[in-house]
Amino acid sequence: MIFTIAGKELKALFASPLAWVVLTFVQVVLAFGFLKRLDDFMQIQPQLVQMPSPPGITELVASPVFATLAIILLFAVPLLAMRLIAEERRNQTMVLLLSAPLSLTEIVLGKFAGLVAFLWLIVGLTTLMPLSLLLGGHLDFGLLASLVIGLALLAACFSAVALYASCLTAQPFVAAMIAFGLLLGMLLAGETAADGLRGRGWTVPAELAQVLSPLKNFESFAKGMLDSYSVVCMLLLLAVFLILTIRRLDAVRLRG
Amino acid sequence: MSLELKRGEILGFLGPNGAGKTTTMQMLTGNLAPSLGAISICGIDLLDEPTAAKARIGYLPETPPLYRDLNVREYIDLAARLHRVPKSGRAAAIDDALVRCGLAEVTKKLIGTLSKGYQQRVGIAQAIVHRPDVVILDEPTIGLDPNQIREIRNLIRELGRDRSVILSTHILPEVETVCDRVQILHHGATVFNDTIAALTQFQGGHMILLGFRRPPAADEIAAVPGVTRVEPAGDNQFRVSFADAADATDEVVRRAVEKSWGLYQLTPAQTSLEDVFAHLTRKEEQ
């Protein structure tokens with residue numbers, strides 16, 4: 001049943017120009033960055049060879065591409081997610097889902113899965129760029145895998161936050177702004193809180209504050225490190241926002 | 001208020017704007033949670049087992065919940081999937097719903113491009129595709145042309161044969177032609193709940209409407225045995241009520257001929273639903 005709803009959301013996304021615009025924009029921007037990095041790499045390659053343990057092409061070319069994508073997602077996910085619940089409430093189509101024999105959990109997870117599937121498609125397409133380097137070189141598959149996993153988790157985290165924002169209002173654009181505000185706020189709060197607390201020597205609260213910032217957690221993946229603490233932080237954040245969404249929709253049903 | 005529906009019964013659910021009809025229907029379909037009370041659908045408690053209970057309901061809200069980006073068939077297919085119609089019978093169920101609602105020719109069209117009447121039909125198809133035991137329709141004939149209205153009424157009657165239907169509407173003749181029972185809601189409470197047949201008896205027995213070319217005084221008609229009340233109805237017409245058992249029509253006609261009142265009209269003026277509705281829902285204002 002979750003897949004039925006996810007499929008419907010995917011279909012709705014591709015029926016709107018927004019999804020295609022985002023896909024095109026992301027690919028153009030990333031391809032440009034990728035080619036630029038590749039060009040730079042070719043130029044400094046002679047010097048790299050003389051270094052004792054030189055950084056590889058994955059680190060110098062692929063890693064920045066994924067970092068850029070992480071920042072683009074910060075802007076794109078609120079736009080892609082804004083329709084999920086807000087528009088259904090505005091158009092009064094939510095009734096179809098609420099009257100069907102589905103639990104709220106299924107509805108929320110279905111919508112979440114639909115959006116995540118679309119974002120993972122973007123991640124997948126982006127992965128093709130570094131993979132194309134296999135034509136003339138070697139890749140660090142460990143680092144690449146860590147980047148892909150990190151970005152996939154990051155996209156899921158952003159989706160959960162944006163989905164929650166979408167259930168707060170019946171105005172899609174307001175939902176997008178709330179989602180963007182939440183994501184940016186969490187990024188800044190997580191960063192400053194973690195740094196500030198760590199500066200005072202409070203390591204445990206600093207580690208806890210890290211839960212708030214999915215981008216901070218992504219940093220360890222970008223270094224090629226599959227840090228289980230980061231994974232747990234992201235999954236925790238994701239679960240909290242999904243539960244908040246379900247509870248919020250349940251409250252709407254009671255309050256009218 | 002309490003609302004009860006038997007299998008194979010079509011209930012007309014009436015009330016002035018803001019009486020709580022839509023709220024009641026939203027509660028019955030699980031869109032709103034009641035703060036008090038119980039709802040059971042075919043013996044399944046809606047609050048305890050919402051999925052099992054909802055599977056037996058088909059609901060067309062006031063604004064049909066249509067996805068404008070989907071075509072008719074895709075949309076009905078989605079509705080069938082969401083209502084867990086098993087894969088084996090799904091195509092047949094979809095075709096059946098499309099044919100029944102007269103949508104067979106527009107299956108490939110985008111819902112957003114359809115006229116209001118067709119959109120309304122898509123909404124009805126969505127409510128019946130999973131063959132629910134209870135169909136709840138909130139103003140289903142709004143925005144339809146007279147032919148379509150007749151088709152939809154036939155469809156509702158057909159549905160009422162083996163299922164239960166709750167029909168909310170402001171079009172009172174529709175209720176009179178389609179429904180078995182009427183429940184009128186006012187300020188969130190039931191003020192009338194009985195069969196259509198009982199309606200005619202509601203305001204003191206039978207009534208006829210008489211028209212005379214040379215009208216007598218009202219007292220002369222009132223003098224006929226069995227007549228309980230005579231009201232002038234303008235244009236030399238009178239509305240005459242009889243006691244429950246007696247039918248004094250014969251006697252009235254005999255006297256009219258005898259005294260040459262010039263009788264030109266005699267129509268049974270049953271208490272119409274409209275009268276009952278106005279009577280019950282305006283009481284407080286008077």
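Just a few scattered comments:
- With all pairs of separate Cα atoms included, segment A:87-143 yields a Kirkwood hydrodynamic radius of 14.6 Å.
- Whole-number D in µm² s⁻¹ for chain A, Kirkwood Cα-pair radius fed into Stokes-Einstein, 20 °C, 1.002 mPa s: 110
- For residues of A:98-109, the mean tally of beta carbons on other chains within 10 Å: 6
- Rounded to 5, the percent of DSSP beta bridges in the protein assembly as shown classed as antiparallel: 60
- Shape annotation for segment A:47-185: C-alpha extents along the principal axes are 66, 31, 19 Å, from largest to smallest.
- Value of D in µm² per second that Stokes-Einstein yields for segment B:115-219, Kirkwood Rh from Cα pairs, at 4 °C (1.567 mPa s): 80
- FRET efficiency for B:Leu36 and B:Asp133, using Cβ-Cβ distance with R0 set to 22 Å, rounded to 0.05: 0.30
- Remark: C-alpha extents of segment B:100-169 on the principal axes read 32, 25, 17 Å, sorted largest to smallest.
- For A:Lys11, the lysines whose Cα falls under 21 Å of its own Cα, not counting residues fewer than eight places away in the same chain, are A:Lys111, B:Lys87, B:Lys108, B:Lys109.
- Each Lys and Arg contributes +1 and each Asp and Glu -1, all at the Cβ; summed about the Cα centre of the protein assembly as shown, the dipole is approximately 740 debye.
- Computed Rg/Rh of chain B, alpha carbon atoms with Kirkwood Rh: 1.10
- Burial ordering of B:Lys108, B:Lys259, A:Lys111, fewest other beta-carbon atoms within 10 Å first: B:Lys108, B:Lys259, A:Lys111
- Whichever lysines have a C-alpha closer than 22 Å to that of B:Lys6, once near sequence neighbours (fewer than 8 apart) are set aside: B:Lys21, B:Lys54
- Antiparallel content of DSSP bridges confined to chain B, in %, to 5: 60
- Kirkwood Rh, Cα atoms: Rg over Rh of the protein assembly as shown: 1.20
- With a simple spin-label model that places each label point 7 Å from the Cα along the Cα-to-Cβ direction, the separation between B:Arg161 and A:Val49 comes to 8.7 nm.
- Two numbers describe the Cα atoms of segment A:163-212: Rg and Dmax, which are 14.3, 44 Å.
- Between segment A:106-139 and segment B:1-74, the alpha-carbon centres lie 41 Å apart.
- Using the alpha-carbon positions of segment A:170-243, Rg (one decimal) and Dmax (whole number) come out as 13.7, 44 Å.
- Spacing of the modelled spin labels on A:Leu125 and B:Asp69, each 7 Å from Cα toward Cβ, amounts to 1.5 nm.
- Just so you know, the Rg over Rh for segment B:62-122 is 0.95, from Cα atoms, with Rh as the Kirkwood radius.
- Report summary: the helix-based calculation at 222 nm, which adds -39500 (n - 2.57) for every DSSP H run with n ≥ 4 and divides by the residues of chain A, gives -27500 deg cm²/dmol.
- Pairwise inverse Cα distances across segment B:1-123, averaged and inverted, put the Kirkwood hydrodynamic radius at 16.3 Å.
- Applying 0.36 nm per residue to the separation of B:Arg239 and B:Lys87 and subtracting their alpha-carbon distance, the gain on full extension is 48.7 nm.
- Averaging 1/r across all pairs of distinct Cα atoms in segment A:1-97 and inverting the result yields a Kirkwood radius of 16.5 Å.
Any read-out appearing in this document is the output of simple, stated calculations on the displayed coordinates, not a laboratory observation. Please read all numbers here as calculations on a predicted model, not as lab measurements. Using ideal geometry, Cβ is built from the backbone for each residue, glycine included, and neighbour counts are taken over all protein chains shown.
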